[in-house]
Amino acid sequence: MPDSAMATGNDDEPGGGPEPPPLDPDEQALLDTLTHDRGGPPLRDAEEDSPAVQRAVEEDSVVPSD
């Protein structure tokens, strides 16, 4: 019995392991959406980009709650 997951030999195939199963159509559509730039702005600004977070970083403080 192998003493670790790394010792199972599952990564002995060329390329480092078995091929993953093909994506379902909905998974492929999601992957295409996430990997292709739509050219538009993001759906919403990230909280990390808010002025409150920027002030907290500059002041080495916490972000105030809403």
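The values are calculated or read from the model by the stated rules, or taken from the named source; none is laboratory data. Since this is a predicted model, take the numbers as computed values, not measurements. Glycine gets a Cβ as well: all are built from the backbone with ideal geometry, and neighbour counts include every protein chain shown. For the accessible areas, the whole protein counts, side chains as well, though only heavy atoms, and no ligand, DNA or RNA atoms are used. Shrake-Rupley method; radii C 1.70, N 1.55, O 1.52, S 1.80 Å.
Just a few scattered comments:
- If you go through the range 31-48 and pick out every residue that is at pLDDT 80 or above and open to solvent by 100 Å² or more (accessible area, probe 1.4 Å), you end up with 3.
- Failed item, numbered, when Arg55 is tested on (1) exposed (fewer than 10 other Cβ atoms within 10 Å of the Cβ); (2) modelled with pLDDT of 85 or more; (3) not hydrophobic (A, V, I, L, M, F, W, C): (1)
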